[in-house]
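Engineer: Take this structure first; my questions come after.
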Amino acid sequence: MNIKPIILCGGSGTRLWPASRKRMPKQFLSLFEDKTLLDLTLERVKLFKSKKKPILISSKDHGFFINDALKKNNLKASTILEPMGKNTTAAIYLGAKFSNRNDTLIIMSSDAFISDNDYFARKIKDVSEKIDKNNWLIFGIHPTYPAEQYGYINIKLESDNKLNNFFKVKSFVEKPSKKKADSLIKRKSYFWNVGIFMGNASMIIKSVELHAPEIANACDKAYNTACHNQENDEITFDTEIFDNIPAKSIDYSVMEKTNNVFFTPLECKWDDIGSWDALSKIANSKKIKKNIFEISTKNTFIKNDNRVVAAIGVEDLIIVDSDNATLVAKKGHTEKVKNIVDELYSENMEEASEHSFENRPWGKFTNLLNTEYCKVKKIEVLPKKRLSLQYHNYRSEHWLVVKGEAKIFIDGLVKILKPGNSIDIPRRSQHFIENKKNETLIIIETQLGTYFGEDDIIRLDDPYNRK
């Protein structure tokens, strides 16, 4: 099968708050024991057994998540790293531009759950051999309930509107009201839009140029000035040029305007895991995390990170406990999680978008204390990794090694610190930490100063090409 997968890895997954946040959206969360939705997507891609290298499109901030997933799944791919999200039209257009013009592209998101990977691979192989290079092919699922969170595809069922056993698409319906969705599912011509597309790369480029010329023109400027790192096969863009690209979905900009869209159904279970209700129907909470205890509890889904969660005498609940926020919701109401997040944003609460920890290409840090004049972090540096050479204008730092061996570079000098050793890093000193050993290095960092924002990291040399 010589199709080229284009995997869209954007989106914030707000409805899976508090697990999913801006810096760690749902596609990178280990929701299925040790597997993420991206892992499951890459497993499907490997079943294609295509000679064409996939393209993954992601936020530049999440590039290291992509690299880790590719390494974990033993898969080579090209990565397009966007400086900011511009919705699906730009991502699909750029994916096509960075492909061979004769490639048949299968475009799908990284955050959907499909129950039968083998069936999906067979389906993709079958339709790829029948598709007309002049047409789009879109996939859908026969609806099983009146979903308000999905778009719908209306197809022409008449035999004279079929081509190679594909149905002509008549129209699209964006996320309907409950009442309208209830009427749509009673008609055989309506299907859920699962956001999976197939088409010839050249046709896709021409389609966007015709129906969304302002997006195509802006993307062309970004494409022509892009930087392609051949060593790690990563493509990055000039931020100012990329910022001029209009942000529109492919459905609005192209699909609803063109007349060359055909449809084929998927005969398997599919879910975009857009809510805790959806996830609770698929995953067993006890397999997701330990330290969950229930007495006289019925039909309740519990997910935690580390803390013990005990439930007594409750039923029909969703309970999600994270590092700095806890959600308790009645089943059937988790679509309203986004409203909670909006309220948190209105109150300027950092819990709306941030965990108390952040993953970085070199490991992670966890905020332990944050006051006006002092901030304390736990820093974990993975084996054979190092931080950037940097300095700070508004703070000094004190590092205490808790576990492992730290190689410290400070103003041209090298120091080796072992557990119990510590060192002071004065303000504006140029420094970085390196872990040369095979175990994770743990350091407690105490910051003292007048400002502790992450934008007071002035990088002079970075192995991960960050600014």
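Engineer: Collect the residues in the range 422-445 that are surrounded by 18 or more Cβ atoms within 10 Å (Cβ to Cβ) and either hydroxyl-bearing (Ser, Thr, Tyr) or closer than 16 Å to residue 396 by Cβ (or both), keeping them in residue-number order. First the steps, then the outcome.
Structural biologist: Filtering the range 422-445 down to residues surrounded by 18 or more Cβ atoms within 10 Å (Cβ to Cβ) leaves 425, 431-435, 441-443.
Across the range 422-445, the qualifying residues are 425, 431, 432, 433, 443.
Engineer: Could I ask something else about it? For residue 254, state whether it is buried (at least 16 other Cβ atoms within 10 Å of the Cβ), modelled with pLDDT of 95 or more, more than 30 Å from residue 55 (Cβ to Cβ) and not hydroxyl-bearing (Ser, Thr, Tyr).
Structural biologist: no
Engineer: When the residues of the range 113-139 are filtered to those that are of a type in the set (Ser, Thr, Tyr) and touching a strand residue (DSSP E or B) at 6+ places or on another chain (Cβ under 8 Å), which remaining residue is nearest to residue 193 (Cα to Cα)?
Structural biologist: Checked the range 113-139; the qualifying residue nearest to residue 193 (Cα to Cα) is 115.
Engineer: Is it the case that some residue within the range 211-225 is of a type outside the set (A, V, I, L, M, F, W, C), part of a loop (DSSP other than H, G, I, E, B) and on the phi > 0 side of the Ramachandran plot?
Structural biologist: No, because not a single residue in the range 211-225 is of a type outside the set (A, V, I, L, M, F, W, C), part of a loop (DSSP other than H, G, I, E, B) and on the phi > 0 side of the Ramachandran plot.
Engineer: Sticking with this structure for a sec: Only one of (1) free of Cβ contacts under 8 Å to residues at least 60 places away in the same chain; (2) not in a loop (DSSP other than H, G, I, E, B) is not met by residue 290, so which one is it?
Structural biologist: Evaluating residue 290 over (1) free of Cβ contacts under 8 Å to residues at least 60 places away in the same chain; (2) not in a loop (DSSP other than H, G, I, E, B) leaves (2) as the failure.
Residue-by-condition table, conditions (1) assigned by TED's automatic domain parsing to the domain that holds residue 254; (2) in contact with a Phe, Trp or Tyr (Cβ under 7 Å, 6 or more places away or on another chain); (3) assigned to a strand (DSSP E or B):
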{"site": "167", "(1), (2), (3)": "yes, yes, yes"}
{"site": "186", "(1), (2), (3)": "yes, no, no"}
{"site": "198", "(1), (2), (3)": "yes, no, yes"}
{"site": "208", "(1), (2), (3)": "yes, yes, no"}
{"site": "241", "(1), (2), (3)": "yes, no, no"}
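Engineer: Of the residues that sit in the range 370-388 and are at pLDDT 95 or above and farther than 20 Å from residue 434 by Cα, which one is surrounded by the fewest Cβ atoms within 10 Å (Cβ to Cβ)? It would help to see each step written out before you state the result.
Structural biologist: To start, the set of residues in the range 370-388 that are at pLDDT 95 or above comprises 374-388.
Applying the additional criterion that residues be farther than 20 Å from residue 434 by Cα yields 374-375.
On the way: 374: 13, 375: 20.
Result: 374.
Engineer: Which condition number does residue 64 fail, the rest of (1) of a type outside the set (Lys, Arg); (2) out of contact with any Phe, Trp or Tyr (no Cβ under 8 Å at 6 or more places or on another chain); (3) within 19 Å of residue 231 (Cβ to Cβ) being met?
Structural biologist: Going through (1) of a type outside the set (Lys, Arg); (2) out of contact with any Phe, Trp or Tyr (no Cβ under 8 Å at 6 or more places or on another chain); (3) within 19 Å of residue 231 (Cβ to Cβ) one by one, residue 64 breaks only (2).
Engineer: What helices (runs of 4 or more DSSP H) lie completely within the range 27-138 and have 2 or more residues being touching a residue at least 60 places away in the same chain (Cβ under 8 Å) and within 20 Å of the chain's Cα centre (by Cα)?
Structural biologist: Correct list: 37-48, 63-72, 87-97.
Engineer: Which of the residues belonging to the range 199-219 are in contact (Cβ under 8 Å) with a residue 12 or more places away in the chain and under 15 Å from residue 86 (Cα atoms)?
Structural biologist: Passing the criteria: 208, 212, 214, 215, 216, 218, 219.
Engineer: Now for a different question. Taking the stated definitions as given, is residue 413 in contact with a strand residue (DSSP E or B) (Cβ under 7 Å, 6 or more places away or on another chain) and hydrophobic (A, V, I, L, M, F, W, C)? Explain how you work it out, then say what you get.
Structural biologist: On the way: in contact with a strand residue (DSSP E or B) (Cβ under 7 Å, 6 or more places away or on another chain): no; hydrophobic (A, V, I, L, M, F, W, C): yes.
Taking the combined requirement at face value, the residue does not satisfy it.
Engineer: What are the residues in the range 31-54 that are at pLDDT 90 or above and within 23 Å of residue 85 (Cβ to Cβ), if any?
Structural biologist: 36, 37, 38, 39, 40, 41, 42, 45, 54
The values are calculated or read from the model by the stated rules, or taken from the named source; none is laboratory data. All values reported here derive from a predicted model rather than from experimental measurement. Here the Cβ is made from the backbone with ideal geometry for all residues, glycine too, and neighbour counts use every protein chain on show.
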